[in-house]
Structures are given as C-alpha cells and as structure tokens.
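See structure below.
The values are calculated or read from the model by the stated rules, or taken from the named source; none is laboratory data. What you see is a predicted model, and the numbers here were worked out from it, not measured in a lab. Here the Cβ positions follow ideal geometry from the backbone for every residue, glycine too, while neighbour counts run over all protein chains shown.
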C-alpha cells in the first residue's frame with residue numbers, strides 16, 4: 001500500500017527509508033499538531049531525503065486540516081534550513097497557503113519561482129478560484145506552460161463553480177483540441193455544466209464520449225449523465241442508463257426517482273422507491289413531491305406519515 005502511494009504523493013523522493021515511508025503513510029491522516037511533534041522528535045535521526053520528505057508531509061497534513069499556524073512554523077524551518085529553493089517543498093508551501101485561504105502568501109512564494117512550473121501553476125489557479133479571484137485564475141491559466149488534464153479540469157471546475165457555463169465548455173473544447181485526455185473528474189464536471197445549458201444532443205454526445213473513454217464505470221460520471229438525461233425530459237434514456245450502471249449510490253437512485261416524479265410518472269416512481277434499500281430524506285421528499293404534483297394528496301400524506309415513523313422527519 002505504501003509503495004503504491006509513494007510515486008503519486010511524493011514523486012521527487014524515489015528512495016525512501018523506513019522512516020520516510022512513515023512520513024508518506026501519515027501525510028493526510030495525522031493531526032498537524034501530532035505530525036509536527038513527530039517531526040521534531042525524529043529530526044536528528046533523519047537522512048537528508050527523509051528530512052525533506054518530512055517537511056513536505058507535514059505541509060500536506062496542514063493543507064488537509066487547514067492548519068495555517070503549523071504550516072507557518074514549517075515555513076520558518078524551511079527558510080532557516082535553506083530549502084526554500086527545493087521545488088517540491090516550495091510547491092507544498094504554496095499549496096498549504098492557498099488551501100488555507102492565505103492567497104497573498106501563496107502568491108508571494110509563487111512569484112519567487114525562477115520559472116513557471118505546471119504544478120505550482122495548477123495550485124495557484126485552484127487557489128485563485130477558491131478565493132473568488134476568477135480573473136487572476138484565467139490570466140494565469142492562459143500563460144501557464146504544458147497544460148495537462150489537471151490544469152484544464154481545475155479551470156473548468158472553477159468556471160463551473162462561478163456559473164460561467166459557456167466558458168467552461170469552451171475550455172473543455174480547447175482541452176480536446178489540444179489532445180489532452182479528460183479523466184472522470186473532468187467528465188463529471190463537464191456533464192454537470194452541460195446540465196445547466198440543456199440539450200439532449202449534448203447529452204448524447206457526452207454519453208458517447210464517456211463510453212469511448214471507458215469512464216462509465218465511475219458512479220459520479222454516470223449519475224451526472226443520468227441527471228442530465230432526466231433534466232432534458234428524456235426519462236427513458238435515463239432509465240436505460242440507470243439499468244446499465246455497474247454501481248449505484250443513493251444519489252443515483254434519487255436522481256432516477258426525481259426524473260420519474262418530475263415527469264408525472266408516479267407509479268413508476270413508487271415502484272423504484274420501494275426498491276431503494278436505504279432511503280434518505282431526499283428519497284422520501286421526492287416521492288411526496290411527486291404525489292403532490294399530480295394531486296394525489298392522500299397518498300402524499302400517507303407517505304409523509306410513513307417517513308415520520310422512520311425518524312427522518314424529526315431531523
């Protein structure tokens with residue numbers, strides 16, 4: 001397990017000792033305070049590589065827990081150690097500040113880089129988006145070198161989060177034109193974006209692309225497609241996709257249920273509702289709304305009382 005995580009998390013540290021592997025294994029799971037104590041405890045017994053890895057690992061923990069104070073302590077150690085020119089450590093610092101919302105500090109470190117690095121650019125674009133600085137994200141995205149899947153996906157997600165639906169699709173088209181292959185996160189985001197624009201033709205085209213890229217096995221991708229089909233009033237195509245899904249979660253069931261309810265097909269909605277093993281408040285609410293929509297008020301009341309008996313209505 002640790003070996004498989006190593007290239008993904010810390011590609012700059014190919015040869016790790018047992019202590020180094022410990023840093024990898026605790027990078028996102030350990031409390032930053034505990035992580036920092038472990039760092040100081042092991043500080044004198046570490047190899048140079050382990051020491052650098054430890055810094056990156058603690059910074060990753062600080063990013064995950066939004067612990068900027070502990071991150072600033074590590075930043076101070078980095079400066080005293082003369083390791084601020086280490087690309088992996090510097091990128092980890094930028095990431096920590098950006099994720100903690102200290103975008104000015106992230107910018108300062110980013111500006112100190114001797115050249116534009118795709119990883120640091122991706123971090124800054126995500127940081128700008130998170131802080132609501134979409135124009136800065138756009139400007140950096142335009143000039144950044146060697147845009148990859150992460151770069152395009154980050155920009156598409158940022159635009160989608162800010163309801164710039166058409167622009168997000170344009171970036172996706174640019175991504176395809178550049179020959180960059182989308183992953184499941186890209187496709188889930190693009191499908192969700194297209195849901196706001198509508199059009200069954202777009203839905204079918206994206207569905208075909210998902211199949212071509214062999215991403216239909218990802219539940220988020222298929223669920224977003226299902227939502228788009230139902231949103232385009234194509235419930236039958238949605239049901240066909242639902243039947244083909246290799247994995248479904250409660251969101252998938254609720255989306256299909258909502259598709260039937262919105263179309264006024266309450267009998268089919270009820271049939272599906274009864275098949276949901278672990279219903280949540282959305283499942284019950286959707287079914288009740290479906291009955292109300294077709295004026296089956298007595299059935300809606302029966303359903304509401306049944307929901308209350310489960311305890312969900314009291315939460």
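Criterion applied to 76, 61, 57 was being assigned by TED's automatic domain parsing to the domain that holds residue 95, farther than 15 Å from residue 95 by Cα and either in contact with a strand residue (DSSP E or B) (Cβ under 6 Å, 6 or more places away or on another chain) or at pLDDT 80 or above (or both), and the one residue passing it is 76.
The set of residues in segment 144-162 being at pLDDT 95 or above and surrounded by fewer than 18 Cβ atoms within 10 Å (Cβ to Cβ) consists of 148, 149. Per the listing 303, 228, the residue uniquely over 31 Å from the mean Cα position of the chain (by Cα), surrounded by 19 or more Cβ atoms within 10 Å (Cβ to Cβ) and either free of Cβ contacts under 8 Å to residues at least 40 places away in the same chain or in a helix (DSSP H, G or I) (or both) is 303.
Of 143, 191, all but one fail to be touching a residue at least 12 places away in the same chain (Cβ under 8 Å) and closer than 25 Å to residue 229 by Cα; the exception is 191. Taking segment 259-299 as the range and being farther than 24 Å from residue 232 by Cα and either surrounded by 19 or more Cβ atoms within 10 Å (Cβ to Cβ) or in contact (Cβ under 8 Å) with a residue 60 or more places away in the chain (or both) as the test, only 279 passes.
Every condition in (1) in contact with a helix residue (DSSP H, G or I) (Cβ under 7 Å, 6 or more places away or on another chain); (2) modelled with pLDDT under 85; (3) not in a helix (DSSP H, G or I) holds for residue 50 except the one numbered (3).
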